[in-house]
Amino acid sequence: MTDLKDKCVITCALTGVLTNPKKHPVPVTPEEMAAEARRAADAGATIVHCHFRDQRPDMGHMPTWDPEIVNTIVETIKAEVPEMIINMSTGVPGPDIDGPLACLKRCKPDMAAMNSGSLNYLKLTNENQWAWPPMLFDNPVDKIQKYLDVMHENNVVPECECFDTGIVRSVGLFEKKGMLRKPVNVSFVMGVASGMPADPELLPILKKLLNPDTRFQTIAVGRGEIWNVHRRCAELGGNVRTGLEDTFYPPSGEKVSSNGPLVEALVNVVRETGREPANFEEARKIALR
């Protein structure tokens, strides 16, 4: 009997939040999203993390929270890859979360991102100017509780995204308070300029902050530096995520135009640690139960 501890769940984040499809090859339409989900699945991914884009002409660089558009995209992915585990994005700044909550209720995905704390979301250009106006990605406890209430009501597994060590520790407080159902899923988001760096040496410390039965994965944003982060996470028994939301660059360094080569590269990294990618049945047992 295969020990599930030897299996690593691979997630593919199909498209970014605001990446302009006219400048970078990210999927927008339901058909494009489904085709990328198929490429990811064929390469070894069993979960797709989905942002959803405005379908109006020339608006594919903007997100949408229209439940019917979101549901159409989700159902098109399911038609192409029926076994795929759907992980829905929910993150928005500000107190108005009616759109994400409506999408959760309409689509009832297997999992959903649950941003678990606030972060000054910052980045500088090469000229040391702000890449965008400094913004607060605010996720106070009352906002988190509203997300969790809807997720639990609709049997959606929360994926606690943590951009900093204090946020990781907050998840433990949420669990102790009874806000989260066990087992808890945590994602270490690494590589955002104002959050945790993409440094593999941090991972043993981060794992130490978790309760023993907490499931964890790395979301590493960047270029060549991210692959050693994923390698270390797999060595420590965690799961891993890649995709066009996180990077365009496999270890070889050339820019890719689809998710398939990124997932293939991550499969190779996982296997180099002595573990194997989980299949769909195994991934459901690991991530959803």
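Whole-Hz ³J(HN,Hα) for each residue in the range 88-96, computed from phi via Karplus 6.51 cos²θ - 1.76 cosθ + 1.60 with θ = phi - 60°, x for glycine and proline: what do you get?
9, 5, 9, x, 9, x, x, x, 7
When N is the residue count of the range 20-103, what does its C-alpha Rg come to as a fraction of 2.2 N^0.38 Å?
1.09
For the range 55-63, just list the computed ³J(HN,Hα) in residue order, Karplus coefficients 6.51, -1.76 and 1.60, θ = phi - 60°, integers in Hz, with x standing in for Gly and Pro.
3J(HN,Hα) across the range 55-63, in whole Hz: 8, 5, x, 6, 10, x, 8, 10, x.
Would you mind checking which residues have amide H under 5 Å from Asn239's amide H? H placed 1.01 Å from N; only 5 or more apart, or other chain.
Phe216, Gln217, Thr218
Amide H of Met135: which non-local residues (sequence gap of 5 or more, or other chain) have their own amide H closer than 5 Å, using H built in the peptide plane?
Counting only residues 5 or more places away or on other chains, the set is Tyr121.
Please list, in chain and number order, the residues 5+ apart from Val157 or on another chain whose amide H is under 5 Å from its amide H, with Hs placed from the backbone.
Met111, Ala112
Can you run phi through the Karplus equation (6.51, -1.76, 1.60; θ = phi - 60°) for the range 145-159 and list ³J(HN,Hα) in whole Hz, with x for Gly and Pro?
4, 4, 4, 5, 4, 6, 4, 5, 4, 10, 6, 9, 7, x, 10
Report the paramagnetic label zone for Ser252: residues of the range 213-243 whose backbone N is under 18 Å from a point 7 Å from Cα along the Cα-to-Cβ axis.
It comes to 223-228, 243, nothing else.
Counting only the backbone N, which residues of the range 201-243 are under 20 Å from the spot 7 Å out from the Cα of Leu173 toward its beta-carbon?
Hits in the range 201-243 for Leu173 at 20 Å: 206-212, 214.
Counting pairs on different chains as well as pairs 8 or more places apart, how many Lys pairs in the range 98-184 have Cα atoms under 30 Å apart?
Qualifying lysine pairs in the range 98-184: 18.
Quick check: from the Cα gyration tensor, does the chain come out rounded (a/c under 1.5), prolate or oblate?
It comes out rounded by the Cα gyration axes.
Restricting everything to alpha-carbon atoms, can you work out Rg to Rh for the range 167-289 with a Kirkwood hydrodynamic radius?
Taking Rg over the Kirkwood Rh, I get 0.97.
What ranking do Ser187, Ser257, Ser194 get, fewest neighbouring Cβ atoms within 10 angstrom at the top?
Least to most surrounded, the residues fall as Ser257, Ser194, Ser187.
None of the figures in this text is laboratory data; all of them are computed from the coordinates on show. In this text the structure is predicted, and so the values were computed from the model without any measurement. Cβ atoms come from the backbone with ideal geometry, glycine included; neighbour counts cover every protein chain shown.
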